1. Which of the numbered conditions does residue A:244 fail, given that it passes all the others? Conditions: (1) buried (at least 19 other Cβ atoms within 10 Å of the Cβ); (2) away from the ligand (no atom under 16 Å from the Cβ); (3) under 12 Å from residue A:211 (Cα atoms); (4) of a type outside the set (Phe, Trp, Tyr).
2. Residue under question is residue A:298, and the condition is that it be over 27 Å from residue A:373 (Cβ atoms), away from the ligand (no atom under 16 Å from the Cβ) and part of a helix (DSSP H, G or I); does it hold?
3. For the stretch A:161-209, give me each residue that is within 16 Å of the ligand (Cβ to nearest atom), part of a strand (DSSP E or B) and β-branched (Val, Ile, Thr).
4. So for the stretch A:195-210 (the condition being touching a residue at least 40 places away in the same chain (Cβ under 8 Å) and under 12 Å from the mean Cα position of the chain (by Cα)), does at least one residue qualify?
5. If I filter the stretch A:73-84 for residues that are touching a strand residue (DSSP E or B) at 6+ places or on another chain (Cβ under 6 Å) and either more than 16 Å from the ligand (Cβ to nearest atom) or not in a loop (DSSP other than H, G, I, E, B) (or both), do I get at least one hit?
6. Give the residues of the stretch A:246-291 that are under 22 Å from residue A:72 (Cα atoms) and of a type in the set (Ser, Thr, Tyr), sorted by residue number.
7. Keeping to the stretch A:226-241, report how many residues are away from the ligand (no atom under 16 Å from the Cβ) and not acidic (Asp, Glu).
8. Would you check which residues across the stretch A:366-377 are modelled with pLDDT under 95, more than 10 Å from chain B (Cβ to nearest Cβ) and touching a strand residue (DSSP E or B) at 6+ places or on another chain (Cβ under 9 Å) and list them?
Amino acid sequence: MSANVRSTRAADFDVQRCRADFPALQRHVHGKPLVYFDNANTAQKPLAVIEAVDGYYRRHNANVSRAVHTLGSEATALYEATRDKLRSFINAPSRDEVIFTRGATESINLVAYSWALPRLQSGDEILLTQMEHHANIVPWQLVCERTGAKIKVVPISQEGELLLDQLDALLTPRVKLLCLTHVSNVLGTVNPIARICAMARARGIPVLVDGSQAAPHLRIDVQALGCDFYAITGHKMFGPTGTGMLWAKRAILDAMPPFMGGGEMIKQVSFEKTVFNDLPYKFEAGTPNIAGVIGLGAAIDYINALGIETIRAIESDLLVYATQQLNTIPGMRIFGTAPGKAAVISFLIEGVHAHDLATILDTDGVAVRSGHHCAHPLMQFFGVAATARASLAFYNTREEVDVFITALLRARAMLL
Amino acid sequence: MSVANLYQQIVLDHHRTPRHHGVLAQATHNADGHNPLCGDHMHIELCIADDVLRDIAFNGEACAITTATASMMSERVIGLRREQIETLLASFDASLRATPDANAAVDLGELEALSELRRYPARLKCALLPWATLLAAWDIRISITTETAESPLP
Ligand SMILES: Cc1ncc(COP(=O)(O)O)c(C=O)c1O
């Protein structure tokens with residue numbers, strides 16, 4: 001499981017060989033080959049990830065950082081190796097700033113409760129955007145309820161881009177934190193994070209970036225972005241569920257109290273007083289998802305071996321093709337048309353409900369998501385209750401797009 | 001499994017031209033139903049006199065299954081008392097489950113067409129939302145969701 005494999009170039013990419021790495025892609029659904037277009041929901045896992053999880057349980061199963069025996073050291077080494085891989089994946093300055101969590105949701109909650117809650121006062125503001133996932137809305141509402149702080153929202157254009165002049169105007173001294181997604185899970189919009197962080201930094205406002213949808217598609221460099229917090233979820237980047245990461249600058253983490261109490265996060269406990277462990281362990285109470293984290297390490301190796309630039313190129317090509325084909329369908333409405341967007345396409349066909357569409361597509365083996373995508377405020381902005389969403393990954397093909405389009409036409413003919 | 005069995009002609013007909021769609025001039029009861037899983041919303045108005053449902057109308061934003069169910073349901077429930085509607089719902093509900101109740105007492109009529117939903121468990125709530133909203137309206141519960149602990153579903 002070494003990461004020494006050199007990145008593939010897009011031109012050399014062999015999609016069929018790549019697909020062979022993903023057992024679930026070999027499946028049939030209702031007698032049809034699976035066309036998995038629900039990658040923004042969760043991605044499929046390559047064998048390397050499945051085997052890393054399996055290998056941990058078969059060979060190395062032991063708790064981390066506690067056991068002196070051989071298995072304990074092996075488990076700890078494998079687990080900690082993922083921290084190093086994540087550090088370099090996001091170009092963090094230090095591995096100590098990489099905190100394992102159960103996913104982006106927990107990462108954001110950690111910041112909400114350990115960083116924001118003790119600081120917020122009545123009259124303060126948390127600035128969000130219209131395109132946030134509920135995971136980057138609800139934790140802020142909860143801490144605002146307890147502190148009297150208020151939520152303000154950066155509006156977007158019909159194309160699905162943040163209105164930067166409005167963002168600028170909303171960055172007042174009352175704002176204690178700006179929280180925004182790197183890539184929209186509904187629109188595919190890639191937000192100009194570096195530019196936005198520069199705007200916020202000029203006013204001394206820290207920025208939390210939800211990188212859930214960025215990690216599988218983009219090169220991430222937290223230092224170049226200039227953000228203060230960055231959240232990632234493992235299952236969308238081909239890793240196991242229940243894994244994720246919060247990155248934050250050391251000075252910020254040092255100043256934060258622990259989120260949860262328990263084992264692993266302490267140096268010394270008496271019933272009078274506990275001395276907390278050093279970073280990152282201060283924020284990692286209890287026995288973690290060791291197998292999952294080891295699997296996440298294998299997922300990062302897989303992405304690196306393929307090369308994130310290659311992934312981006314393949315997905316852009318698929319996105320252009322799928323968008324072209326979709327636009328040939330009468331009554332097609334695509335939500336999110338920002339330039340440079342990721343391969344996430346939310347859409348509706350006039351007169352056809354997204355749910356009916358998804359049910360009919362499923363019987364053709366095509367898996368898409370239908371619903372509000374945990375983004376009610378965004379649905380309200382576009383004035384719809386639900387959309388269908390096709391989200392693509394590097395292992396998808398133009399032939400699959402063709403199957404998808406044929407299935408859509410069949411569904412449309414059936415329902416209209 | 002053929003999805004055409006679910007979206008069969010009778011279901012599509014009710015979806016394309018829903019009966020009792022709109023509002024009532026003189027509603028005595030009304031309620032809003034939500035399916036938070038998909039964002040669907042249904043508003044139902046009732047006219048109840050002497051404990052009998054005299055008229056019903058529905059509107060809102062919903063999928064073909066929910067709309068067709070509401071339309072077929074509306075045609076069936078006028079003239080019924082609450083207990084009769086509950087019995088009808090119990091039979092309808094049983095028809096949607098993997099093991100339909102062979103002794104289901106009530107002839108479901110057109111609603112039988114929806115029993116194909118038993119092959120689509122993810123869509124069951126689409127067919128139950130109109131019923132839940134109807135019963136909520138009867139109780140003048142102004143807003144319900146398919147996710148409440150004390151859902152009026154049997
Ligand atoms: C943009 C965004 N943020 C946060 C999340 C939450 O991720 P998780 O449920 O893995 O914590 C998701 C996943 O749906 C997402 O798309």
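The values are calculated or read from the model by the stated rules, or taken from the named source; none is laboratory data. None of these values were measured; they are calculated from a predicted model. Positions of Cβ are generated from backbone atoms using ideal geometry, with glycine treated the same way; all protein chains shown enter the neighbour counts.
1. Of (1) buried (at least 19 other Cβ atoms within 10 Å of the Cβ); (2) away from the ligand (no atom under 16 Å from the Cβ); (3) under 12 Å from residue A:211 (Cα atoms); (4) of a type outside the set (Phe, Trp, Tyr), only one is false for residue A:244: (2).
2. Against the criterion (over 27 Å from residue A:373 (Cβ atoms), away from the ligand (no atom under 16 Å from the Cβ) and part of a helix (DSSP H, G or I)), residue A:298 qualifies.
3. If the condition is that a residue be within 16 Å of the ligand (Cβ to nearest atom), part of a strand (DSSP E or B) and β-branched (Val, Ile, Thr), then A:181, A:183, A:190, A:207, A:209 are the ones that fit.
4. yes
5. Yes, the stretch A:73-84 contains at least one residue that is touching a strand residue (DSSP E or B) at 6+ places or on another chain (Cβ under 6 Å) and either more than 16 Å from the ligand (Cβ to nearest atom) or not in a loop (DSSP other than H, G, I, E, B) (or both).
6. A:281, A:287
7. Here the count works out to 1.
8. A:377
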